Structure formats: structure tokens, C-alpha cells
Amino acid sequence: MALPPLILIPGLLNDAELWRDQIAALADIAECLVADITQGESLEALAQSVLAQAPPRFALAGFSLGGYVAVEMARLAAERIERLALLDTSIQPDDPERAAARQVRDKAARGPGTFHGFGDRLLRTYLSEAHLQDEQIVGRIRGMTQRLGAEVFLRQNNILRKDGAGVLSGLSCPVLILCGEEDRLTPLAEHQAMARLVPQARLVAVPGSGHMTPIENPAAVNAALRAWLQSGQP
């Protein structure tokens, strides 16, 4: 019997390496398909691209920027989504502070010299303090950012983020909302507010993790995704 499909959407400057541990851990209960969100110029374009290659119905998990894409997919085709997981993301539209921060990163990426992805300063906003000196974790993140490069960064960084509250509050499928306890980029308080919009949502706070939960604490993320995939099943 074929396993049910699970589409995994990476975040900004992430590729399938982000989901490496989840793909291995969930292989017995889901066919994991990693989406490519490196080409589109808008959330709608990215969502349409993923939908065009997706099976008729599927479970959907989005991380960070991938969470925005997942919500946009629900805006366009909620009837195709059997269950939704949002990890370390936001449903808030761009505000002046976030837009200004992205403009600073945009300018740095366009500057002279070699593009190195996430530098030490940016990594401090992505990782918990305990993981900043973890060479394996840092190496996995920098490997992804350098493989994808400046062109993908600039394209993804300039995508307008939309308000997803209305979409989320209208969902009736099982919803998982997960966040690292030490996530400084998309804090836990934002995820708690997201969970209040969805009566059936399960909120999971991942201990000892910053923004990069699938890499920083894969065991906790794997357990949460497994429970979510099996929720509502006999």
C-alpha cells in the first residue's frame, strides 16, 4: 500500500537538507516530498508551483518562509490539504521593521565579495545560544545557504509576506503549530497567538532550540510530526 504523501516546504535559503532527519524518521508512515521554492517571485507563484506538482490530496508542513507558502496554498486550495503543520514561521504581514531588516540583508547580499550565506551575526538570530558553536549544526546551515547562493536569497528575501490569519482561522483540518522555545526570529508568543485562531490546533514548544528546530532538535520535531500525521486516524 502506498504511503500518504507529506509535502515539506523549506525556509529561506534552505533545501532538502533542512528536512533530512524528518524524512528518515517518518519514512515508515509518509512519502516525504520536499518542495522547491527557489524560483518564484511571490507567495502566490510559489504556492501555485508547489500545487501544480503535488498529488490531489496531501499533508503539508512549512518551515519559516515555507510556512507562508503553506498558508498561501491553503488560501488557494484548502480542500486538497488533509493536515497542516507550521514550524517556526509567522502569519503576520510585512511591517516597516521587518521590511527594513530585510532591506539591510538585501544590501549586504548585493555588496562586493563572495556571498557566504548566514554570517555569525545572522546565525545568532537563527540558533539557540547552545548551538552557536556546534560545528555540525552550523555546517549544515551554511552548506544549504552556500549551495543556493545570493540569487536565490535575493529572490526569496524580496517576496512580500501576507497576512494569513483569515486563512488559518478558516481551516478545519488537523493543525500543528511548532516553535523553538528560544526562537528569536519568529518568537513563541507569535505561535501561541496563531494557535488561538485554530480551535483544533496543537501547539508544541521545542526545548533547547532556536529558529532552526528541524536541525537543532530533530527528535522533538519528529515526534510532533508523527503525532500530527497520525491524529484523527483509527
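The values are calculated or read from the model by the stated rules, or taken from the named source; none is laboratory data. Note that this is a predicted model, so its numbers are computed, not measured. FYI the Cβ positions are ideal-geometry reconstructions off the backbone, even for glycines, and counts take in every protein chain you see. Heavy atoms of the whole protein, side chains included, go into the accessibility calculation; ligands, DNA and RNA do not. Shrake-Rupley method; radii C 1.70, N 1.55, O 1.52, S 1.80 Å.
For this structure, a couple of remarks:
- Set side by side, the residues LEU168, LEU160, LEU154, LEU225 differ, and just one is modelled with pLDDT under 95 and part of a helix (DSSP H, G or I), which is LEU154.
- Filter pass, LEU51 being touching a residue at least 24 places away in the same chain (Cβ under 8 Å), part of a strand (DSSP E or B) and surrounded by 15 or more Cβ atoms within 10 Å (Cβ to Cβ): no
- GLY139 vs. criteria over 15 Å from the mean Cα position of the chain (by Cα) and free of Cβ contacts under 8 Å to residues at least 40 places away in the same chain: yes
- Here ASP88 meets each of (1) on the phi > 0 side of the Ramachandran plot; (2) open to solvent by 30 Å² or more (accessible area, probe 1.4 Å) with one exception, condition (2).
- Selection count, the stretch 199-222, where residues are assigned to a helix (DSSP H, G or I) and surrounded by 22 or more Cβ atoms within 10 Å (Cβ to Cβ): 5
- Only one entry of ASP36, ASP28 meets the criterion of being outside any helix (DSSP H, G or I), more than 15 Å from the chain's Cα centre (by Cα) and either closer than 16 Å to ILE215 by Cα or at pLDDT 95 or above (or both), and that entry is ASP28.
- Tally of residues being over 20 Å from ARG124 (Cα atoms) and open to solvent by less than 10 Å² (accessible area, probe 1.4 Å) across the stretch 137-177: 7
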